[in-house]
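Quick notes on the structure that follows.
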């Protein structure tokens, strides 16, 4: 047998030994191993859900930003002079791409189309709540400072009841989304730490169960990798199992939400049919989890070596 084939056979034998010992250890302590795997799956689930949510919200907010509008509500009864002055001021603004004027009837119809659930409330009012509305579609590259200046000018104009700026609402939405993402990330980190502690505990139990065997290997002069290898593989197996469980649960959860209570929201926000992780996100998540599992196994083996 050539030296290369000997090395290959030796490497294959070593991997078989590591996987065999790791699998045997997990079978012996399957209850504790299942608990640590469940904690790891919870951490991966939260992180993956945050990734999916972030991607979808980023797409939604991007579309909302591109389609941002400025709505100027005029006082009632309508004044032709005020309407002409406001419309001229809006058309002159460099940040405005298109202008549309809605009379009270059309403004009411558009509101009812966007919010059909409020039809009964609106029809019960003694008079029509909307006056003339001047709507401006903003240019995609409009600067915040220029738009803010236009909004301030319009709000200070006599005869203007209110000015609604979509990006002001959008900024509040983005702030809420950012807070939610930070909370989800913090929760995922806490769960990951708990899972890491649990995995390390399982690996330490594995050491105590195999202490005599490990001591014999040391007396026989076995290399350190003969001790650390099974620990690393055991951490990898737990990480892989936790990731698979988390991804499957996330897929089922997303399908259930999109086919159930979230269907109307998905249609309103023009979200795709049952969004999920991209292949790049999925591969990165799997690689990161496997690396963390291997690191936990290696650190546990280093503690044993001491």
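The values are calculated or read from the model by the stated rules, or taken from the named source; none is laboratory data. The structure displayed is predicted, hence computed values, not measured ones. Glycine also receives a Cβ, built like all others from the backbone with ideal geometry; neighbour counts cover every protein chain displayed.
At-a-glance table
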{"quantity": "Number of the exception - residue 134 against (1) within 37 Å of the chain's Cα centre (by Cα); (2) assigned by TED's automatic domain parsing to the domain that holds residue 83; (3) free of Cβ contacts under 8 Å to residues at least 60 places away in the same chain", "calculated": "(3)"}
{"quantity": "Answer from 304, 286, 252 - the residue that is touching a helix residue (DSSP H, G or I) at 6+ places or on another chain (Cβ under 7 Å) and at pLDDT 85 or above", "calculated": "286"}
{"quantity": "Any hit, the range 73-90, residues being in a strand (DSSP E or B), modelled with pLDDT under 80 and within 17 Å of residue 165 (Cβ to Cβ)", "calculated": "no"}
